[in-house]
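Enquirer: The structure that follows is given in the form of structure tokens.
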Amino acid sequence: MSVAERPFDLVLFDLDGTLIDSAPQLALAVNRMLADCGFATAPEATVRTWVGNGADKLVKRALAHAGADEALFATARPLFGDHYQACLLDGLEMYAGVAATLQRLHVAGYQLAIVTNKPSDYVAPILDALGISSLFSLWLGGNSLPQKKPDPAPLLHACHELAIPVSRTLMVGDSENDVLAARAAAMPVVALTYGYNYGRDIADSHPDWLFDHFCGLDSILP
């Protein structure tokens, strides 16, 4: 298939739960924060269900789980940030097939970008540590714009910055937020089943394509 015949020119990727499994590091930081605040820790499997709406929401969910007063957020949030920064890269890995597929898409001439709700300060160090920074034309963190997913603004901003129409752009993510953002932007969307979706089946969000493995993208991105 020639470049002119491809259905897409730009592919937007979520980060946590799509390209990387960051739950081990997030759980470690959350539990160190909870311990600092005098609360019991939570199993990693539980923390996984809290991931997806950015760090602020993650901390608020952890505090609610612990039965803490909402006022404690002002103290707990910076504690979490310090702990997560300290363990950000510990054992960090991409999901199976991610590195090879991203490299193939880059070589094939697709423009690639990251649109994540993860705070911006963490994104570049992760991409650099994994050796994939050069594959992306743009990345947006959860605080890069006033809005974050499920608002469509970050997706539309990426299209604008890279001068590629929404109709030629594909969103790839693992949560309802990704699907909702893509739908609101009138953008086709792929959902991956292995990520974080608050313990719910991502199929219920009705993405355009649903894959169990990242390499499923090969079937629609030649």
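Enquirer: List the number of the failed condition for Trp50; all other conditions in (1) within 17 Å of the chain's Cα centre (by Cα); (2) surrounded by 18 or more Cβ atoms within 10 Å (Cβ to Cβ); (3) assigned by TED's automatic domain parsing to the domain that holds Cys159 hold.
Expert: Trp50 satisfies all of (1) within 17 Å of the chain's Cα centre (by Cα); (2) surrounded by 18 or more Cβ atoms within 10 Å (Cβ to Cβ); (3) assigned by TED's automatic domain parsing to the domain that holds Cys159 except (3).
Enquirer: Would you check if Leu10 is crowded, with 18+ Cβ neighbours inside 10 Å and not assigned by TED's automatic domain parsing to the domain that holds Thr193?
Expert: Numbers: crowded, with 18+ Cβ neighbours inside 10 Å: yes; not assigned by TED's automatic domain parsing to the domain that holds Thr193: no.
Taking the combined requirement at face value, the residue does not satisfy it.
Enquirer: Continuing with this model, one more query. I'd like the full set of residues that are surrounded by fewer than 16 Cβ atoms within 10 Å (Cβ to Cβ) and part of a loop (DSSP other than H, G, I, E, B), limited to the stretch 87-100.
Expert: Taking the stretch 87-100 as the starting set, the residues that turn out to be surrounded by fewer than 16 Cβ atoms within 10 Å (Cβ to Cβ) are 89-91, 93, 96-97, 100.
Of everything in the stretch 87-100, those that are surrounded by fewer than 16 Cβ atoms within 10 Å (Cβ to Cβ) and part of a loop (DSSP other than H, G, I, E, B) turn out to be Leu89, Asp90, Gly91, Glu93, Ala96, Gly97.
Enquirer: Considering only the stretch 56-70, state which residues are surrounded by fewer than 16 Cβ atoms within 10 Å (Cβ to Cβ), modelled with pLDDT of 95 or more and part of a helix (DSSP H, G or I).
Expert: Ala64
Enquirer: Now a separate question. Taking the stretch 101-116, which residues are part of a strand (DSSP E or B) and either among the β-branched types (Val, Ile, Thr) or farther than 15 Å from Leu170 by Cα (or both)? Spell out the reasoning first.
Expert: Looking only at the stretch 101-116, we keep the residues that are part of a strand (DSSP E or B), and these are 111-115.
Hits for the stretch 101-116 are Ile114, Val115.
Enquirer: Just for the stretch 198-220: of the residues that are more than 20 Å from Pro150 (Cβ to Cβ) and exposed (fewer than 11 other Cβ atoms within 10 Å of the Cβ), which one is modelled with the highest pLDDT?
Expert: My answer is Asp212.
Enquirer: Determine whether the stretch 91-107 contains at least one residue that is free of Cβ contacts under 8 Å to residues at least 12 places away in the same chain, within 29 Å of Glu161 (Cα to Cα) and in the same structural domain as Gly173 (by TED's automatic domain parsing).
Expert: Within the stretch 91-107, the subset free of Cβ contacts under 8 Å to residues at least 12 places away in the same chain is 107.
Of the ones still in play, those that are also within 29 Å of Glu161 (Cα to Cα) are 107.
Then drop every residue that is not in the same structural domain as Gly173 (by TED's automatic domain parsing), which leaves 107.
Yes: the stretch 91-107 contains one or more residues that are free of Cβ contacts under 8 Å to residues at least 12 places away in the same chain, within 29 Å of Glu161 (Cα to Cα) and in the same structural domain as Gly173 (by TED's automatic domain parsing).
Enquirer: Further question: Is there a residue being more than 17 Å from the chain's Cα centre (by Cα) and either under 18 Å from Ser175 (Cβ atoms) or crowded, with 17+ Cβ neighbours inside 10 Å (or both) anywhere in the stretch 137-150?
Expert: Taking every residue of the stretch 137-150 in turn, none turns out to be more than 17 Å from the chain's Cα centre (by Cα) and either under 18 Å from Ser175 (Cβ atoms) or crowded, with 17+ Cβ neighbours inside 10 Å (or both).
Enquirer: Just wondering, is there one or more residues in the stretch 119-136 that are at pLDDT 95 or above, among the aliphatic types (A, V, I, L, M), buried (at least 19 other Cβ atoms within 10 Å of the Cβ) and assigned to a loop (DSSP other than H, G, I, E, B)?
Expert: The answer is yes; a qualifying residue exists.
The values are calculated or read from the model by the stated rules, or taken from the named source; none is laboratory data. Not measured: the values here are computed from a predicted model. Neighbour counts are summed over all protein chains in view; Cβ atoms, including those assigned to glycine, are modelled from backbone coordinates with ideal geometry.
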